[in-house]
Amino acid sequence: MYARLGEITSLDGSIAVTLAAHQAIGLKGILIAGREEQKQKYLPKLASGEHVAAFSFCLTEPGSGSDAASIQTRAPLSEDGTHYSLNGSKIWISNGGLADVIVFARTKVVDKDSVEKMSAFIVERAFGGVISGKPEDKLGIRGSNTCEVTFENVPVPVENVIGEVGGGFKVAMNILNLGRFSMGSAGAGMIKKLIKLTAEYAGTRKQFNKKLSEFGMIQEKFAVMAMNAFVMESMAYLTAGMMDRPGVTDCSLEAAVVKVFSSEAGWICASEALQILGGLGYTKDYPYERYLRDCHILLIFEGTNEVLRMYIALTGMQYAGKILTEKIKELKKGNISVALGMLGKRLKDSVGGVDLGLTGKDGVVHPSLADSAKKFEANVAFFASTAESLLYRYGKTVVDEQLVLKRVADVVINLYAMTAVLSRATRSISVGLRHHDHEVLLTNTFCTEVFFKNNYLMTQLQKHSPENNDGNIKKIAQQVLEKRSYICSHPLERTF
């Protein structure tokens, strides 16, 4: 239901962000980690709209953005043990000027090391000492309220701690994971609206005695928009179904994948839609420039795409590392035959492809999608051997190889996208949905494109830095950053 709501409200970015800040993140901490008495006290008014919750759960500070664990707001416990005294500032807080807010601060947790850890609090504006700054003048989502929030000796009762004292970081990450997936449905909703608007224009506007819709490069833009909307929608609702399934507790990886793909695809599609209208799209008389401005925030908030790519890649590499460790253990034990058997199976899979049971007589994928399913299986096989070779090459230092991990993440994102569209198109055929032929066309086209993209990415991963250009990229960046400027000679410069 939340994914569907995101799809509908995305027609206006500011409304979507305001609602998401309140529903998906602001009150989510109470919903998933609050005690029963906290839920009874706060959720009814938050549900009715009488109270508004803040986005970013007041996590971001001047010195901490993506590094959430480094926040500096403090909340020492009072001498009588009845309340915490909250002091600090938070920035970029959506609904910050309107809301009763949830705050994450560092509190001293008495343990053997006397370390400070992050705790989660429910803070009411009525407590006093909560000061909202002026609304930020933003590039996009300008209709939403975003401001700095300062806390000056705010007395927070001990019963307003969410979850365990010192357990705030875990709560924070769970909240983010639950909100990210909806960017797929929200982005798809926006793109579907843009397709409708631009198709009307392209079907009536004439140039060189032809309608714009008759030109190949304009047709390509509509195909890109339709394909991306289909993929985003497929991934979002596949993930939503997993999250709703009893017993499933962690969909953080899938949610991160949906967020990265959808935010970047949404940005591309908004740009393509504007380009179809040309100069008209660039004016404020039409909504395209606003869609483009609103879209860019999706690449930044709820975890920047750069940070999420590292999370996606390293989560998978951690699992691959466990398998590799088991193989090494067998070798150390002298069980060479077992280790070679494991290696032999991997090599066979890599060379001959992996049969995941997607096609054939008992396959789960419809025959009209068989070629796409085989491409998917081939990519999976290549990726398995690639991930293992990276661990052999880098070991634990792979965590520092961001350009390598970026490629790994992109392959993972593409594989999940292929999974989603193959599943959706198969279902559409099996239940007899009216547009299943078009869905098969979209699926086969998308899978063919990303199959070649994945192969290219993995071929680059198989190479060492000098061969895949990573070394040169780092050298260029280092030289530019050292000079703090563009350092090439001007084309008209002469030597005297």
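The values are calculated or read from the model by the stated rules, or taken from the named source; none is laboratory data. Just so it is clear, the model here is predicted, and its values are computed rather than measured. So basically every Cβ, Gly included, is an ideal-geometry build from the backbone, and we count neighbours across all protein chains shown. Ligands, DNA and RNA are stripped out before the accessible areas are found, and what is left, the full protein with its side chains, is counted by its heavy atoms. Shrake-Rupley method; radii C 1.70, N 1.55, O 1.52, S 1.80 Å.
Is it possible to state the helix-based mean residue ellipticity at 222 nm for the chain, with each DSSP H run of 4+ residues giving -39500 (n - 2.57), the sum divided by total residues, to the nearest 500 deg cm²/dmol? What is it?
Taking each H run of at least 4 residues, the total per residue is -19000 deg cm²/dmol.
Given a Förster radius of 56 Å and the C-beta distance between SER485 and VAL158 as r, what FRET efficiency does 1/(1 + (r/R0)^6) yield to the nearest 0.05?
0.55
Stokes-Einstein diffusion coefficient for region 154-233 at 4 °C in a medium of 1.567 mPa s, Rh from the Kirkwood formula over Cα pairs: what value in µm²/s?
The Stokes-Einstein estimate is 79 µm²/s.
Would you kindly find the accessible area of MET190, with a 1.4 Å probe and non-protein molecules such as ligands, DNA and RNA excluded, rounding to the nearest 10 Å²?
Approximately 10 Å² for this residue.
Could you compute the FRET efficiency for LEU299 and ASN209, with r as their C-beta to C-beta distance and R0 at 30 Å, rounded to 0.05?
0.15
Can you tell me how much longer the chain between ARG4 and GLN478 gets when fully stretched, taken as 0.36 nm per residue apart minus their C-alpha distance, in nm with one decimal?
166.1 nm
What do you get when you divide the Cα radius of gyration of region 160-290 by 2.2 N^0.38 Å, with N the number of residues?
Here the answer is 1.38, to two decimals.
Local charge sum around ARG205 (other residues, Cβ-Cβ under 13 Å, Lys/Arg +1, Asp/Glu -1)?
Once positives and negatives cancel, what remains is +1.
Quick one: length gained pulling THR459 to ASP137 fully straight, 0.36 nm per residue minus the C-alpha distance?
111.5 nm is the gain from fully extending THR459 to ASP137.
How much accessible surface area, in Å² rounded to 10, belongs to the heavy atoms of PHE451 with a 1.4 Å probe?
Here the accessible area works out near 40 Å².
Taking 45 Å as R0, compute the FRET efficiency from the Cβ-Cβ separation of ARG245 and ARG494 and round it to 0.05.
That pair, ARG245 with ARG494, gives E of 0.05.
Which percent of the accessible heavy-atom area of the chain goes to carbon and sulfur, probe 1.4 angstrom?
Percent of accessible area from carbon and sulfur atoms in the chain: 57.
What does the convex hull of the alpha-carbon atoms of region 269-309 project to on average, in nm²?
So the mean shadow area of the Cα hull is 3.1 nm².
Please compute, over every Cα-Cα pair in the chain, the percentage with a separation greater than 35 angstrom.
Tail of the P(r) past 35 Å holds 45 percent of the pairs.
Convert each backbone phi in region 446-462 into a coupling constant with the Karplus relation 6.51 cos²θ - 1.76 cosθ + 1.60 (shift: θ = phi - 60°), then list the ³J(HN,Hα) values in order as whole Hz, x for Gly and Pro.
Along region 446-462, the couplings run 5, 4, 5, 5, 6, 4, 6, 4, 4, 4, 5, 4, 6, 5, 5, 5, 6 Hz.
List the residues, sorted by chain then number, that are 5 or more residues from LYS117 or on another chain and whose placed amide H is less than 5 Å from its amide H.
Those qualifying (amide H under 5 Å, at least 5 residues apart or on another chain) are THR107, VAL109.
Per residue, how large is the accessible surface of region 228-300? Use a 1.4 angstrom probe and give square angstrom.
42 Å²
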